Structure formats: C-alpha cells, structure tokens
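Laboratory data are not the source of any read-out in this text; all were calculated from the coordinates shown. Remember, it's a predicted structure, so these values are computed and weren't measured experimentally. Because the Cβ atoms are built from the backbone with ideal geometry, glycine has one as well, and the counts that use them run over all protein chains shown.
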Amino acid sequence: MSFLLGAYGKLAAGRRMRDIQAKLMRVQSRLRRATRQSADMSKQIEAQKKMELNGLTLMQQYNNLAAPHLAAAQIPGMDPNLLAMFSGGAGVSGFGGNMTEVQQQQFAEFNYQVNQLKMKNEAMIAQEKSRIEQYYENMTESMLEPLKQEEDMLQTEKDSLESQLQIAQADYKACQDMEKADAKNLAPNYTGQ
C-alpha cells in the first residue's frame, strides 16, 4: 500500500515542482525586465539631470564673462578705453597710479557693478540648481519608485517560489524513498526463506 502512496505522492510532488518551476521562470523573467527598466530609467534621468546642470554651468560662465561689459554699460560716460583696462584686470596699476579722480570713481563703480552682477548671477544659478535637483528628485520618486516597488514585489515572489520549490523537491525525494523502500518489500523472494 505504501508503494502506491509513494508512487502517487511522487507524481503529485513532481507535478507541483514543474508548476512551481514554470511560475519561477516567469517571475524571474519579469524581475529581469523590471530591473533592466529601472536601471535604464535611472540612467536616463541622471543623463538629463547632468545635461541640465552642465547647461547651467555654461550659463554661469557666460554671465561671469559678460559681467564687465554689462557693468560698464550701467556707468554713464564710461570711456571704452577704460573698460578695456578695467575689465582686463589692470585696475589702478594699468594707469601707473595716475588715475584722475573721475577715473577712480568710475573704477570703484565698475568694480561694485561687476561684483553685484556676479552675486546676482550666483544667486540665480543656485536657485536654478535647486529647482533642477528638486525636479529630478520628484521625477525619480514618481517614475522610478513604482519600478522599484515592482522589482521588490517580484523579488519577494521569487524568494517564495524558490522556498516552495525546495519543499516540493523534499516531498518528491521523500515519496521516491517511500516508493523504493516498499518496492523492496514487494519483490518476490526466490531464496525460499
């Protein structure tokens, strides 16, 4: 009787193993796809963020280069030759210390205007950088988190199926051993003992 129970148990455990293996293969395939999508999405978001931050750096550099010309435009009666000397960094030494009082005032005003423009530029760049960081953080949460959650769910399902498969394999082995043990008892004894 235990021979039949072992044989039937072995068939049932074998079918259960095959069903679990089929489910496991589907889950592993979905998990690989979710992992790949998550990685691709993450790379794409990072690339876009980096591109925007690089554009911001270029804008900052351009604004800093343009600051002397913009500052000079705000000073009434600024001599273009003075602009070249002031923006070239020559300052007072470029005049050999012989600046008129008007030139000294214009130089002081020029430096003040350049510093003001650079400070405004820095504040604007910092604000824009903060906006970009926040935007991509929100994008990551809204687009990447669902993929991560799906990935976690599939990983949990995969772990569960692997555990079920181990139990089914143990049941199969136990039923196989039961079948073999009882098969020895059913074998005819030709020795006459």
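Neighbour counts of other Cβ atoms within 10 Å put K118, K180 in the fewest-to-most order K180, K118. Backbone geometry of the stretch 127-139 corresponds, through the Karplus equation with coefficients 6.51, -1.76 and 1.60 at θ = phi - 60°, to 3J(HN,Hα) couplings of 5, 5, 5, 4, 5, 5, 4, 5, 4, 6, 5, 5, 5 Hz, x marking Gly and Pro.
Comparing Cα centroids, the stretch 138-172 and the stretch 28-51 end up 17 angstrom apart. The residue among I45, L31, A13 whose Cα reaches farthest toward the positive pole of the charge dipole of the stretch 1-78, with charges on the beta-carbon of Lys, Arg, Asp and Glu, is A13. Counting neighbouring beta carbons within 10 Å and listing from fewest to most, the residues R32, R16 come out as R32, R16.
Under 14 Å from the Cβ of E145, count the other residues' Cβ atoms, weight Lys and Arg +1, Asp and Glu -1, and hand me the total. Provide the component values of the computation, followed by the final result.
Values: positive: K148; negative: E137, E141, E150, E151, D152.
Cβ neighbours under 14 Å give a net charge of -4.
By the count of other C-beta atoms within 10 Å, a proxy for reagent exposure, R131, R30 are ordered fewest to most as R131, R30.
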